[in-house]
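Throughout, read-outs are computed from the coordinates displayed, never taken from laboratory work. Keep in mind that this is a model prediction, so the values were computed, not measured. Heads up, the Cβs are rebuilt from the backbone with ideal geometry, glycines too, and the neighbour counts pull from every protein chain shown.
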Amino acid sequence: MTRKLRVGVIGAGIAERHLTGFGWNSDLFEVPVLCSLDADRGKPLCEEHNIPEYTQDADSLFARDDLDIIDIAAPPDSHFELCRKAIESGKHVICEKPLFGSIAEVDEMARILARSNGRKLMPIFQYRYGSGLQKLKLLIERGLAGKPFLTTIETHWWRGPDYYAVPWRGKWATELGGGLLGHAIHAHDMLNYVHGPCAEVFSYGATLVNPIEVEDTAALSVKMKNGSLATLSMTLGSRKEISRLRFCFSDLVAESILEPYTMGRDPWTFIAGTEEHQARIDAALADYEETEDGYTRQFELFHKAIIDDRDPPVTLQDARNSLELVTAAYSSQRTGQPTPMPITAEHPLYRSWLPEEGRRLAAGV
C-alpha cells in the first residue's frame, strides 16, 4: 500500500489550489490541519476540503510530530522564516513562489538543508508540467530539436486597483517585487527549464499601470549559457490577457497556446523544416504518455521523491536560477548596464534587491 504523507497547510489564498492538488492525489496525501490568519477564508476552506482542524498558530504545526510536510502558501515576505522553522522541526517543505527575497536567503537555506538529515524543500513551479511543455522536453531529450537560437516569452496580463487593494500587494517590503517576481516568474522558469541558466540580462522596468511601488511592465534581453538568446516582456496592463512562449531551434519551432494561466498545456505546435523531420517529430509525440499536470503532477512527483529519497522535481537550484534572473533584471534597470550571471556574494544585490526604503520597511525600522 502507498504510504500517505500528512500535510499541514499555511495560507488560505493560493492554498486553495494546493488543496485541490492534494485532493486529486488523495491516495498519496492527507491534510489534517490548515493554518491561516484569515478565518473568513481559512475556515470555509477547511469545510470545503474536509480538513478537520483550523488554527491561526503556525508554530503549532512545527511542534507536531504527526506531519510529514509543511506547505507554505503565505505572503512572500514570510517564506524564509516559515521554511526555516519547518525544516528545523524535521518536516519536508513545499513553498509557493517567489521562494525568497534574495539569493543570499536561497544560499542560506541550502546550508540549512545540508544539516537537516535529509529534509527536502520543493519550490512551486507547477506550470512546468503542462503537456505542451513536456512534449518539447521530450523532443529535446530525443535530439529532435537541434541547436537553440531564440526564445520569446510574453506575459501580458491585467491587474487593476482591486487586485492591489490587498494590503501586502504592490509594496517592496511585503510583495518583494512586481510583475517580474510575482507574475512572469512562471513563464520565465520555463526558459530555465528548457535552456538552463542565464548568462547575462539587460532590462528596462517601469510602473505604468497602477500607482504602486513595484514594477508592472518590463522588457528583458537575455543571453543564455547555452549560447541562445531570449526576449522577455511582461505587463500587467494588457486588457487582453495572453501568455505566449516560442522556442526557435535549428530543426523545429515550438509555440504555446495563448491562454494566460495554463500556457504550458496543449495544444502546442511543433513545426519542422522538412517533411521528413516533421514525420520524426510526429512519431516521437505519438509516444508521449499523458499525465496529470499543474499542482497535481508536481505534488505526485514530490511524494515519489520523498518515498524514494531523491531530489524533489523542482529544486532549490531551480529557484535560485529563477531569482537570479529577477535579481539581474533589477540590477540592470538601476545601473543601465547588462548584468552578468551567476549572482555571487560580491554582487551589490546579493543580500537584497529591494530599494533602500523597501529594505528599511522590511526590517521594521
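Placing a label point 7 Å from the Cα of residue 37 along the Cα-to-Cβ direction, the residues of the range 162-200 whose backbone N falls under 11 Å from that point are 167-168. Extension gain, residue 26-residue 141: 0.36 nm per intervening residue step, less the Cα-Cα distance, totals 38.2 nm.
As an exercise, take the mean of 1/r over every pair of distinct alpha carbons in the range 21-73, invert it, and state the Kirkwood radius in angstroms.
Over the range 21-73, the inverse of the mean reciprocal pair distance is 11.7 Å.
A full extension of the chain between residue 204 and residue 275 corresponds to an added length of 21.5 nm, given 0.36 nm per residue minus the alpha carbon distance.
Let me have the 222 nm mean residue ellipticity of the chain computed from DSSP H runs of 4+ only, each contributing -39500 (n - 2.57), with the sum over all residues rounded to the nearest 500.
Taking each H run of at least 4 residues, the total per residue is -10500 deg cm²/dmol.
Global dimensions of the chain from alpha-carbon coordinates: Rg and Dmax equal 20.5, 65 Å.
Ordered from longest to shortest, the equivalent ellipsoid semi-axes for the range 235-356 are 33, 23, 17 Å, each the square root of 5 times a Cα gyration tensor eigenvalue. Residues whose amide H lies under 5 Å from that of residue 51, counting only those 5 or more places away or on a different chain, are absent; hydrogens are built 1.01 Å from N in the peptide plane.
At R0 = 45 Å, how high is the FRET efficiency between residue 219 and residue 288 if r is their beta carbon distance? Nearest 0.05 is fine.
The computed FRET efficiency comes out at 0.85.
Whole percent per 5 Å bin, from 0 to the bin with the longest distance: what is P(r) over all C-alpha pairs of the range 5-123? All Cα pairs, binned at 5 Å, distribute as 2, 12, 24, 25, 19, 11, 5, 1 percent.
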